[in-house]
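Report on the structure given below.
Where a number appears in this text, it was derived from the coordinates with a stated rule and is not lab data. Here the structure is a predicted model, which means the values were calculated and not measured. With ideal geometry, Cβ positions are generated from the backbone for all residues, glycine too; neighbour counts draw on all protein chains shown.
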Amino acid sequence: MIAKLHSLLVTLAVALAAATGAAAEGNKPHRVAIHVDQNDPAVMNLALNNARHIIEHYREKHEDAEVEIVTYGPGLHMLRDDTSPVKDRIKQMVDASLPSKITFAACNNTKQGMEKREGKAITIVPQATIVPSGVVRLMELQEQGWSYLRP
């Protein structure tokens, strides 16, 4: 009798540990950095589609997801207020992304280089944040455990 009770307790303990581990794994944050370095609306739209699908997937599971689209080099045009062919879509996605979150990062190194070449100040769409370096931002997000995606 005691052996059966002990066996039952061990079985319950193992099951509880497995369930707790699975729950902890389910609570792992869903975060992805998407890399855009091309002045190509098709690439940016693919990145935005990927972001939307990720957010919708986890929303259906009642889980939050964070997506950050990082632009640098020619890809910065996608976040420039004067050249972005997708700025209306970016605004719509930011407005609709709660409770999940989508953010946009614009490389300041690239911005400064463009300003120097063009001889004028460049404005970034208001939904984007300027980061010192796009490549460093991608690296730091990956070091913090974010997944990486390049469309």
Ranked highest first by average number of other Cβ atoms within 10 Å, how do 47-58, 62-73, 136-147 line up?
-> 62-73, 47-58, 136-147
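Mind giving me the FRET efficiency for residue 144 and residue 27? R0 is 22 Å, r the Cβ-Cβ distance, nearest 0.05 is fine.
Efficiency computed from Cβ-Cβ geometry: 0.85.
Once fully extended, how much extra length lies between residue 121 and residue 57, figured as 0.36 nm per residue of separation less the alpha-carbon to alpha-carbon distance? Spell out each step's value before the answer.
Details: separation 64, 0.36 × 64 = 23.04 nm, distance 3.88 nm.
Result for the pair: 19.2 nm of gain on full extension.
What's the extension gain from residue 91 to residue 130 if we count 0.36 nm per residue and subtract their Cα-Cα distance? Don't jump to the answer; show the numbers that get you there.
Working: separation 39, 0.36 × 39 = 14.04 nm, distance 1.63 nm.
Contour length minus Cα-Cα distance gives 12.4 nm.
Just for segment 30-149, what percent of DSSP beta bridges are antiparallel, to the closest 5?
Numbers: 1 of 21 bridges.
Just about 5 percent of them are antiparallel.
Count the lysine pairs in segment 30-149 whose Cα atoms sit under 24 Å apart, keeping only pairs 8 or more residues apart in sequence or on different chains. Don't skip to the answer; put the middle values down first.
Details: 61/101; 87/101; 87/111; 87/116; 87/120; 91/101; 91/111; 111/120.
Total qualifying Lys-Lys pairs in segment 30-149 comes to 8.
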For segment 30-149, with equal point scatterers placed on the C-alpha atoms only and solvent neglected, what are the log10 I(q)/I(0) values from the Debye formula at q = 0.10, 0.12, 0.19, 0.21 1/Å, to two decimals?
-> -0.28, -0.40, -0.97, -1.16
